[in-house]
1. Which listed residue (Ala5, Pro145, Ile285) has the Cα farthest towards the positive end of the charge dipole for the chain, taking +1 on Lys and Arg C-beta and -1 on Asp and Glu C-beta about the Cα centre?
2. How high is the FRET efficiency from Gln168 to Asn139, r the C-beta distance, R0 30 Å, rounded to 0.05?
3. Quick check on my link table: of Lys109/Lys177; Lys109/Lys216; Lys216/Lys238; Lys59/Lys177; Lys59/Lys193, which ones sit more than 25 Å apart, alpha carbon to alpha carbon?
4. Of Thr67, Gln77, Ile87, whose Cα points farthest to the positive end of the dipole of the stretch 52-106 (charges on the beta-carbon: +1 Lys, Arg; -1 Asp, Glu; origin at the Cα centre)?
5. If a paramagnetic tag sat 7 Å from the Cα of Val150 along the Cα-Cβ line, which residues of the stretch 83-103 would have the backbone N under 13 Å from that point?
6. In terms of Cα to Cα distance under 18 Å, which aspartates and glutamates are near enough to Lys144, apart from those fewer than 8 places away along the same chain?
7. Of the heavy-atom accessible surface of the chain (probe 1.4 angstrom), what whole percent is carbon and sulfur?
8. Can you tell me which of 134-141, 285-292 comes out highest on packing, and rank the rest after it, using the mean Cβ neighbours within 10 Å?
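The values are calculated or read from the model by the stated rules, or taken from the named source; none is laboratory data. Predicted model, so just to flag it, every value in this text is computed and none were measured. Glycine gets a Cβ as well: all are built from the backbone with ideal geometry, and neighbour counts include every protein chain shown. Note: accessible area is taken over every heavy atom of the protein model, side chains too, but ligands, DNA and RNA are not part of it. Shrake-Rupley method; radii C 1.70, N 1.55, O 1.52, S 1.80 Å.
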Amino acid sequence: IGAAAAKPAVEKTIPVALPNYDEATSTRLQVFLDNNDFGPGKIDGQMGEFFRKALVHYKRAMHLPETGAVDQWLLDQVPETFTTFVIPPEAENFIGPVSDKPSEQSKLKALKYGSLLELVAERFHSAENYLRKINPGINLDTLKPGDSVVVPNVLPFKIEDLQEGFAQPDPAFANRKIYVDTKDRFLLIYEDKQLVAEFPITPGSTTLPAPLGLWKILGIATLPTFRHDEGVLQHGVKSDTFFDLPPGPNNPVGILWMGLNKPHVGIHGTNNPETIGRAASHGCIRTANWDAARIRELVTVGNPVSIFR
């Protein structure tokens, strides 16, 4: 462990140029890929970078020609691109005050969503602006329980189903391996030589890059408390000045901390899914909360994690 990282044995070059599709086709295919654990990034109807990578990875997993062509049978797997979500009364339990200052965050009981729009967007893996686009005439900034919102027909991320605590080892996933590509910014999960899932990530930063090498998962915590320590965040070393930030979707590590046997490094969620693949992370592997929740269900403690470039 900690030795040189290895790339997946079946890795192939991902084509750079793929066909472009109209918004309706793009959204439909994003929904299909997302529902099959090949994360296209946020659902926005655009043929973006992560959309293209997810499509090629899905075809690789299915042993299909790795092209950008959209076969009709793929689209037929999504009977309806959109569905309607009626906001339930209990949704308000997950809305609360927000702050971007750790000193103020540490005083809150939980780091909840700042609005019902934020909850709906994360629940359905979407960009907030895209929800505004597909809900013309509705003021999404004044949502309340009982309101109906048109949303992408993805398997919803349900914050209410999560429980604080540590995951127990799952023997069924003992043979799985995680590969983190820091150059192309995606995480792959393999069962032996079979690719089973892929998700977009942000891997570290220029100052604190994700550590290349072969590691393993030491523990998996759901709804973790986060120690905000500038010494760790800036230099990878603990200091005596820190704030303990409470659990919640707006915790800096989101709804998941998957610690590696490398101090202060893990795979985790985020409080800002719009920045995945763009803004830097402090040496860790950051994913959208909805993807973090799925990764948690696909791997187990002890799995090797190969981080490479």
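1. The residue sitting farthest along the positive end of the dipole is Ala5.
2. 0.10
3. With Cα atoms farther than 25 Å apart: Lys109/Lys177; Lys109/Lys216.
4. The one lying farthest along the dipole's positive direction is Thr67.
5. In the stretch 83-103, the label zone of Val150 (backbone N under 13 Å from the point 7 Å along Cα→Cβ) covers 83-85.
6. Glu90, Glu92, Glu118, Glu122, Glu128, Glu160
7. 53 percent
8. Working: 134-141: 12.2, 285-292: 27.1.
For the peptides 134-141, 285-292, the packing ranking is 285-292, 134-141.
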